[in-house]
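Taken together, the values in this text are just the output of simple stated rules run on the coordinates, not laboratory data. What you are looking at is a predicted structure, and each value in this text was computed from that prediction instead of being measured. Cβ coordinates were reconstructed from backbone atoms using ideal geometry, including for glycine residues, and neighbour counts include every protein chain displayed.
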């Protein structure tokens, strides 16, 4: 059984590590991956809502959602603009589609 006091302590420790002073200033013009990660971390930790982050940093909801998704998939490196093509989700190539169609077709065919 989890002790409520120890659970409260761990929450307060996390809050101490992630306070509003750990987010970047609102005057940022050029975003670096680390700063994007700080904003994403603040949103995920509940220090800022997505709406607050978008308003403070003049971001669109789609832009912030993209940062969150790329960080989840690729980590902080996925937040780099110069290498964004490497981290984009690519559509299935024709060979992959054909292989999937063969696999799916094998499951839908009934034995004669």
- Item | At R0 = 22 Å, FRET efficiency that the Cβ-Cβ distance of residue 55 and residue 29 yields, to 0.05 | 0.80
- Put a dot 7 Å past each Cα toward the Cβ at residue 74 and residue 22; how far apart are the dots in nm? 2.5
